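Each remark here refers to the structure printed beneath this line.
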Amino acid sequence: MRRPGSVLPAALAAILVSTAPLDAQLLTSGEGPLRSSGALTLGPVVSINFPVGDFGDVVGTGFTVGAQVTYGLGAVTLLGEMNSSGFTGKNNLGSRGTLAFNAGARIGIPLAGLYAGGVAGYWNRDVDEFDLVPLVGLQLGPLDLNARYKGLFGDADWFAVGVAVHFRLK
């Protein structure tokens, strides 16, 4: 049984953090802070992956988890990612997994937090290939909603819908 004395301080801390300004929470407040010169953020990334083409014949829907770092240069934001993806197998074929290292850039579109960009990446483990991945997204406060397509050069093609949360380091 929990004592009210231990629950009350935790509840008060949660209320204070949730009502504090985004700067006090070390969260970004939109696309602008990510682009500002010298801004540095780090945060988790998750996505749902929908295989297409021949890859979609052997695997089902997959999930990605990872981390993303961004560095603002003014008009452009550089980004780097490391993530792991897993896909379920189809037709009695085994599941597939990847570990990816990506680097790229994004530029804001002057419409309410929209941006476009791309990353170049290397995927290994069950998928061993290099690919260029275009992406578009919407920055809503600290949340970064995005869509991307991996399949310009490699054999493992999928469309992904994901979210990242940006915590400002600098």
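Which length gain, in nm to one decimal place, applies between residue 114 and residue 138 when the Cα-Cα distance is subtracted from 0.36 nm times their residue separation?
Details: separation 24, 0.36 × 24 = 8.64 nm, distance 0.45 nm.
Full extension from residue 114 to residue 138 adds 8.2 nm.
Would you mind pulling out the separation of the Cα centroids of the stretch 108-170 and the stretch 86-104, in Å?
The stretch 108-170 and the stretch 86-104 have Cα centres separated by 17 Å.
How much length would be gained if the chain were fully extended between residue 126 and residue 76, taking 0.36 nm per residue of separation minus their Cα-Cα distance, in nm to one decimal?
Answer, rounded to one decimal: 14.7 nm.
Laboratory data are not the source of any read-out in this text; all were calculated from the coordinates shown. Please read all numbers here as calculations on a predicted model, not as lab measurements.
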